[in-house]
1. All but one of (1) at pLDDT below 90; (2) surrounded by fewer than 10 Cβ atoms within 10 Å (Cβ to Cβ) hold for Asp28; which doesn't?
2. Has segment 76-92 got at least one residue that is modelled with pLDDT of 90 or more and touching a helix residue (DSSP H, G or I) at 6+ places or on another chain (Cβ under 8 Å)?
3. Would you mention how many residues in segment 66-88 are exposed (fewer than 12 other Cβ atoms within 10 Å of the Cβ) and touching a residue at least 12 places away in the same chain (Cβ under 8 Å)?
4. Of the residues in segment 11-65, how many are outside any helix (DSSP H, G or I) and free of Cβ contacts under 8 Å to residues at least 24 places away in the same chain?
5. Only one residue in Thr57, Thr53 is touching a helix residue (DSSP H, G or I) at 6+ places or on another chain (Cβ under 9 Å), modelled with pLDDT of 95 or more and of a type in the set (Ser, Thr, Tyr). Which one?
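The values are calculated or read from the model by the stated rules, or taken from the named source; none is laboratory data. These figures come from a predicted structure and were not determined experimentally. Note that we place each Cβ from the backbone using ideal geometry, even for glycine, and neighbour counts take in every protein chain shown.
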Amino acid sequence: MTIDDRVIRQIKAEYNKLEREEKLLPPDKLDEYRDRFRELFGPERLAGLDGETLLNTMHLHGNKDSLVYWLEFKNDEEFSNRLFGGIGGGTASNSVSSAARRRVSGSPAVHSISRT
């Protein structure tokens with residue numbers, strides 16, 4: 001599958017416009033954000049965790065060092081979720097993490113998870 005040339009031209013034109021208006025972060029700043037995120041939540045880091053530590057690192061609401069906080073709210077000099085497609089604005093009531101919390105807390109296993 002190839003991208004239509006018109007779409008490529010539109011994307012390049014928008015990129016150039018944003019670059020001229022200085023609305024794009026420099027590549028080194030994006031690298032800094034990405035590297036910090038991977039340091040905390042990359043596969044190598046998460047592979048070294050298990051049990052409650054892994055669940056808390058990924059899903060503990062209210063913990064500003066959790067993955068879910070970083071993806072939903074984090075927006076400071078260390079990381080900006082807005083640049084990487086943050087998850088803010090949705091509801092966690094039908095998410096996998098919500099189902100995982102119910103199982104961990106001792107309630108019956110969830111047999112299906114509805115994604116709306």
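1. If we test Asp28 against (1) at pLDDT below 90; (2) surrounded by fewer than 10 Cβ atoms within 10 Å (Cβ to Cβ), just (1) comes out false.
2. yes
3. 1
4. Looking only at that region, the number is 13.
5. Exactly one of Thr57, Thr53 is touching a helix residue (DSSP H, G or I) at 6+ places or on another chain (Cβ under 9 Å), modelled with pLDDT of 95 or more and of a type in the set (Ser, Thr, Tyr), namely Thr57.
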